[in-house]
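To start, the structure itself, in structure tokens.
The values are calculated or read from the model by the stated rules, or taken from the named source; none is laboratory data. What you are looking at is a predicted structure, and each value in this text was computed from that prediction instead of being measured. FYI the Cβ positions are ideal-geometry reconstructions off the backbone, even for glycines, and counts take in every protein chain you see.
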Amino acid sequence: MKFKITLLILSVLFLTFICVGEHLLIKNTFLHFDEAVTYIERQEEYSLDEVLALQSWWEKRSRFLELTVSVQILNDLSYTYGELVGAVRCEDYKSASAFLDRLHSYCHRLRETYQISIENIL
Amino acid sequence: MLTVLIRTFLIFVLLIFGIRLMGKRTIGELQPYEFVITLAVADLACLPLQDVSVPILYGVVPIVALFVIHYLITLFSVKSIRFRKFLNGKPFIVIDGDGINYECCKKLNISINDLLELIRQQGYFSIPEISFGIIETNGKLSVMKNDTAVPPSSVPMTIIVEGKFLNDNASSLSIDKQKLLAFLQKNT
């Protein structure tokens, strides 16, 4: 009986940790990502170094996100970011702007999808 | 494929662990809520196995949550009779001294044929052999034997079920419908 109750408590703690952890991880990641994208967007000529630095940050963070977010969604985001890097490298700022808008949408939609709300529950 | 293989082992270990904790009952003895949990767990376990892009936590978290729910329900069921009754229902006496209780069978959505099948599975081939028959909360039939009754010498066949005359059974026994009805009218 003691063993089962211990197991029950551990299971509840595990579930709580996973749920709260996922919520915070996704919220903080995409909030930071969105802010970084906004910062890049405000510049007249997008800095390749800053774009690459953000990409490096994203690659590391997405490894953690793979625990709770579908790999396909993360890959989509990575592909878009790859296209952004290519556009900035070629100084095609119009295309880069479009990709930045797309990244904004990803950040907003993913935060909404993974937040706790009635719409998501239903 | 190796990823799928490793996930299969992990999910299998989790399921075995959880089902061992749920206790030793066969499918036929499960309460309704246990049956629901078993079905849900079976489906959830396949989710991360079918698609590698789905995180394994999408299978593990709901499975663990269902096992926790099962344990809590079991705990409350032990403490509260009302909760137990609400969750599992109550047993019903479907056969008593007056024979088959049709109203009870209707409430339980059991037809007479189903009931006769359950009786036969208990090893009894006629109603007079049984003093009481109880449908338990898990759908099984418990039977109290009538020691004074004489077992039938051959397999009985039903001729009238729920007010309907079964022509096939009657003709195989060479029973005429009109003669049978006249006999019943005379003796009721």
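Across region B:12-27, not a single residue is classified as assigned by TED's automatic domain parsing to the domain that holds residue B:128 and more than 18 Å from the chain's Cα centre (by Cα). Looking across region B:37-78 at every residue that is assigned to a helix (DSSP H, G or I) and of a type in the set (Ser, Thr, Tyr), the one that is nearest to the other protein chains (Cβ to nearest Cβ) is identified as B:71. Applying the set (1) out of contact with any Gly (no Cβ under 9 Å at 6 or more places or on another chain); (2) surrounded by fewer than 15 Cβ atoms within 10 Å (Cβ to Cβ); (3) modelled with pLDDT of 85 or more to residue B:176 leaves exactly one unmet item: (3). Restricting region A:1-46 to residues that are away from chain B (no Cβ under 14 Å), free of Cβ contacts under 8 Å to residues at least 12 places away in the same chain and not in a helix (DSSP H, G or I), the residue that is surrounded by the most Cβ atoms within 10 Å (Cβ to Cβ) is A:43.
Would you be able to say whether some residue in region B:99-115 is of a type outside the set (A, V, I, L, M) and farther than 30 Å from residue B:34 by Cα? Checking region B:99-115: at least one residue is of a type outside the set (A, V, I, L, M) and farther than 30 Å from residue B:34 by Cα.
Determine whether region B:119-131 contains at least one residue that is assigned to a strand (DSSP E or B) and surrounded by 13 or more Cβ atoms within 10 Å (Cβ to Cβ). Yes - at least one qualifying residue is present in region B:119-131. The selection criterion, being in contact (Cβ under 8 Å) with a residue 12 or more places away in the chain, within 14 Å of chain B (Cβ to nearest Cβ) and either within 30 Å of residue B:70 (Cβ to Cβ) or not basic (Lys, Arg) (or both), holds for residue A:73.
Residue-by-condition table, conditions (1) in contact (Cβ under 8 Å) with a residue 40 or more places away in the chain; (2) among the acidic types (Asp, Glu); (3) out of contact with any Pro (no Cβ under 7 Å at 6 or more places or on another chain):
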position	(1), (2), (3)
B:71	yes, no, yes
B:82	no, no, yes
B:113	yes, no, yes
B:121	no, no, yes
B:124	no, no, yes
B:130	no, no, yes
B:146	no, no, no
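The condition of being more than 18 Å from the chain's Cα centre (by Cα), assigned by TED's automatic domain parsing to the domain that holds residue B:34 and aromatic (Phe, Trp, Tyr) holds for only one of B:83, B:165, that being B:83.
Going by what's in this entry, would residue B:81 be described as under 26 Å from residue B:141 (Cα atoms), out of contact with any helix residue (DSSP H, G or I) (no Cβ under 6 Å at 6 or more places or on another chain) and modelled with pLDDT of 85 or more? Yes; evaluated as a whole, the condition is true for this residue. Among the residues of region B:161-180, the ones that are in contact (Cβ under 8 Å) with a residue 12 or more places away in the chain and of a type outside the set (D, E, K, R) come to 7 in all. Within region A:55-82, the residues that satisfy the criterion of being aliphatic (A, V, I, L, M) and under 12 Å from the mean Cα position of the chain (by Cα) are A:65, A:69, A:71, A:73, A:74, A:77. For first residues located in region B:84-97 and over 13 Å from residue B:136 (Cα atoms), partners that are surrounded by fewer than 16 Cβ atoms within 10 Å (Cβ to Cβ) and lie 6+ apart or on another chain with Cβ distances below 7 Å form the pairs B:87/B:33; B:96/B:132. Of note, residue B:150 satisfies the criterion of being at pLDDT below 90, of a type in the set (A, V, I, L, M) and exposed (fewer than 13 other Cβ atoms within 10 Å of the Cβ).
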